[in-house]
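Visitor: My structure is below; once you've seen it, I'll send some questions.
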Amino acid sequence: MKILISADMEGATGVTWPADVLPGTPQWERCRSMFTSDVNAAALGFYDGGADEVLVNEAHWSMRNLLLEHLDERVQMLTGKHKSLSMVEGIQHGDVDAVAFVGYHTGAGTEGVLAHTYLANSITGVWLGGVRASEGLLNAHVAAEYGVPVVLVTGDDLTCVDADGYAPDARKVAVKDYVSRYAAVCRTPARTAADIRAAAKSATVLAGRRQPVRGTAFTVELEFDAEHLAAAATVVPGVAASGERRVAYTSATMYEGIRTFKAVTTIVSAAVEEQYG
């Protein structure tokens, strides 16, 4: 049994504001250990449940945040940027039996601690087939295309509610309760590690490849906080204006859909000016 852990940081234990997740800040340095604790607890739980292999894919910002030296010696970690499937890289090789979303968060334009979708503020909303989409929802559709079930989701309490929509059977662990975008009631690392480990152990019963979900076209729509960002996004082939500050595109597969999404966010990031966005 091989488990992939997609590890994001905004939904990690103790994280509540931007400095907690921005590489190079003192707060980020402090929060890295709590982030690593969450991920390690999930890995240990999967091993407790009978997993043979756990691969952690770093999915936050620089994708160089986790402390490898603090992970269980059996774990392997994929770290660094420029990966074909970004947050769920590794799922496409046909040897993954389940995926866990650890440290996830809610989507742009919704309530939740550090809520966003890929870009911190420039994207104000994302919809997949007309349904407002978090990173979890987008990545779950990629996983389904490869027949891989989402078996565990951790983050704030609203992230767990969001996950009920795309992975109803998955085990969920709230490591903090939402108060505002930059405030939460947080559990201690000792408590969240125990909760995550227990949930991961329980989640192993859900592991096992499913019939891949294919043959469905996906329409993705994005809304930005400035019109020039929407215009910049249309540089990507297939992406067209769909409304005020909005663009949309349709992909034959979610593999293509998430790669186009990456291209759009890369182009838009380059078009953001420091003061005016």
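The values are calculated or read from the model by the stated rules, or taken from the named source; none is laboratory data. Quantities reported herein were computed from a predicted structural model and do not represent experimental measurements. Please note: Cβ atoms are built from the backbone with ideal geometry, for glycine as well, and neighbour counts cover all protein chains shown. The area values use the complete protein model at the heavy-atom level, side chains included, leaving out ligands, DNA and RNA. Shrake-Rupley method; radii C 1.70, N 1.55, O 1.52, S 1.80 Å.
Visitor: Give the Cα extents of segment 103-244 along the principal axes, in whole Å, largest first.
Guide: Extents along the principal axes: 47, 40, 19 Å.
Visitor: Using a 1.4 Å probe on the protein chains only, how many percent of the accessible area of the chain belongs to carbon and sulfur?
Guide: Carbon with sulfur: 52 percent of the solvent-accessible area.
Visitor: Near residue 2, which lysines are there with a Cα under 22 Å away, not counting those fewer than 8 places off in the same chain?
Guide: Within the straight-line cut-off, residue 2 pairs with 83, 172, 201.
Visitor: Sort 127-135, 65-73, 170-178, 10-18 by packing, meaning the average of other beta carbons within 10 Å per residue, with the highest value first.
Guide: Values: 127-135: 19.0, 65-73: 14.3, 170-178: 22.9, 10-18: 25.1.
Sorting 127-135, 65-73, 170-178, 10-18 by mean packing, highest first, produces 10-18, 170-178, 127-135, 65-73.
Visitor: A follow-up question, please. What would the Debye formula give as log10 I(q)/I(0) at q = 0.17 Å⁻¹ for the alpha-carbon point model of segment 1-74, no solvent?
Guide: So the normalised log intensities work out to -0.59.
Visitor: On average over all directions, what projected area in square nanometres does segment 224-277 have, based on the convex hull of its Cα atoms?
Guide: Values: hull surface 13.9 nm².
For segment 224-277, the mean projected area of the Cα convex hull comes to 3.5 nm².
Visitor: Kindly report the accessible area of segment 176-236 per residue (heavy atoms of protein chains, probe 1.4 Å, no ligands, DNA or RNA), in Å².
Guide: Spelled out: the 1.4 Å probe surface of segment 176-236, per residue, equals 54 Å².
Visitor: Around residue 155, under 10 Å between beta carbons, what's the net of Lys plus Arg minus Asp minus Glu among the other residues? Kindly include the intermediate steps, with their values, before the conclusion.
Guide: Numbers: positive: 172, 176; negative: 8, 10, 38, 156, 157, 162.
Computed value for this residue: -4.
Visitor: Angle between the Cα long axis of helix 157-166 and the longest principal axis of the chain, 0 to 90 degrees, nearest 10?
Guide: The helix 157-166 is inclined about 70 degrees to the chain.
Visitor: Solvent-accessible area per residue for segment 34-137 at a 1.4 Å probe radius, Å²?
Guide: It amounts to 34 Å² per residue over segment 34-137.
Visitor: With the cut-off at 27 Å, report for the chain the share of all Cα pairs above it, as a whole percent.
Guide: Details: 13023 of 38226 pairs.
Value for the chain (Cα pairs over 27 Å): 34 percent.
Visitor: Taking each pair of different alpha-carbon atoms in segment 1-137 once, compute 1/r for the pair, average those values, and report the inverse of that mean as the Kirkwood hydrodynamic radius in Å to one decimal.
Guide: 15.4
Visitor: Right, something else. For segment 165-277, evaluate the Debye formula with one uniform point scatterer on each Cα (no solvent term) and list log10 I(q)/I(0) at q = 0.23 Å⁻¹, rounded to two decimals.
Guide: Per q value, in the given order, log10 I(q)/I(0) is -1.10.
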